[in-house]
1. Based on the Cβ-Cβ distance of residue 273 and residue 2, what FRET efficiency does E = 1/(1 + (r/R0)^6) give at R0 = 51 Å, to the nearest 0.05?
2. Using θ = phi - 60° and the Karplus curve 6.51 cos²θ - 1.76 cosθ + 1.60, what whole-Hz ³J(HN,Hα) does each residue of the stretch 259-264 get, with Gly and Pro shown as x?
3. Name the residues of the stretch 100-116 whose amide N is less than 18 Å from a point 7 angstrom out from the Cα of residue 9 along the C-beta direction?
4. Using DSSP to define loop residues, name the trypsin sites (Lys or Arg not before Pro) in the stretch 145-210 whose beta-carbon has at most 11 other beta-carbon atoms within 10 Å.
5. For residue 280 paired with residue 202, estimate the spin-label separation in nm (one decimal), with each label point 7 Å from Cα along the Cα-to-Cβ line.
6. Looking only at 180, 237, 39, which one moves most when the chain is put into a Gaussian network model with springs between Cα atoms under 10 Å?
7. Taking only Cα atoms and a 10 Å spring cutoff, compute GNM fluctuations for the chain and point out the largest among 275, 197, 38.
8. Determine the percent antiparallel among the DSSP beta bridges restricted to the stretch 37-256, to the nearest 5.
Amino acid sequence: MIFDYRPGLEKIKPYSVEEKDWDIKLDANESPNNLPPLVRERVMNRLEYLAFNRYPEIGMRDLRAQIAESFNMNIQNVQIGNGSSEIIMALCQVFGGPGRSIIFPVPSFSMYAVYAQVTDSHPVPVQLGADYSVPRDKVLQAAEESNAKLIILCNPNNPTGTVMPHEDIEYIVSQAKCPVLVDEAYFEFYGQSAVDLMNKYDNVIIARTFSKAYGLAAARVGYVLANADIITMLERVLMPYHINSLSLATAEILYQMRDEFMPGLEQMIAERKRLTGSLEAIAGIKVYPSETNFILIRTTKSEELSAYLSAKNIGIRDFSAAPGLINCIRFTVGTPLENDDLLKAILAFMKEGAV
Ligand SMILES: Cc1ncc(COP(=O)(O)O)c(C=O)c1O
């Protein structure tokens, strides 16, 4: 039988990662640290008593209330997602659709384009500047010309690690005639948020995740902050019980105990600074300033360096041939020992050109 698939799917590139048993895994912007021991213990105790036979609590009120309280908001301003990915996709369902445009930066998180396509929306990429700065007037112009229904900004941006000044975000939010989603997946490594703009503008949406700074990538939990109308509309497209009870229970404990993550977070930031400094000292490598848990570098030998690191069983993300990222490699900041090994390997390669 010839299957009659929905038109447009042929244009979508499935998300792909090189699954390998890396000695040092620095390819996915994950935390190098598993849960802090105290948090892990509490999670394990909680899971022992979990009602596996029951559907999860549908309102997710405990986690939503905890998050709302920490932002001085109401529970109606918070919703949980199966990773922030689900939230971004759901927002594309809510605001996109046939003939409706969604603006997003490129290069940035590759899934923005996919979610726009999957929801049959019209994807409108806006090219970042040569230094990966966000051209705020071009964003607004593209939004105006395409009568955009949603603008997505990524701050700090993946995979460049670069940030947008707060005043540029406010400028876009204040001028835009549609909602602006600020994807703050890497917020904790930066410390500056656009969340304060929610007090002034009703079109600001903030997405966050537990997958990065909180090291909970396995459980797939993220959240969104937005005005109550938007949250209500999101609830129309989200599946019932879209967060499983194991993840929900884990995230509730994690959020209560989030102070336990501070030492690990501080170490990741210190290691990012150390790595940046050491890489800047290597001739032939350009290092982009990063406010995240990863670093993007550019070198004319990027393909060979990627192959070299791969042969050493160090997993990194090779963007050598990606549009707007030619000759670039991205790697996550790992543990101090992992970073030492990465640096040693890069130094050896750049000095001797060893392949
Ligand atoms: C900018 C950005 N947004 C969102 C996500 C999705 O994260 P998750 O679905 O794990 O919350 C990622 C993951 O890498 C990301 O880099």
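1. 0.35
2. 4, 4, 8, 4, x, x
3. Counting only backbone N, you get 114-116.
4. 200
5. Each label point lies 7 Å from its Cα, and together they span 4.5 nm.
6. Top of the fluctuation ranking is 237.
7. Top of the fluctuation ranking is 38.
8. Looking only at bridges with both residues in the stretch 37-256, the antiparallel portion is about 35 percent.
Only the coordinates and a few stated rules stand behind these numbers; no lab work does. The model shown is predicted, which means the values in this text are computed figures rather than measured ones. Counting neighbours? That spans all protein chains shown, and the Cβs are built from the backbone with ideal geometry, glycine included.
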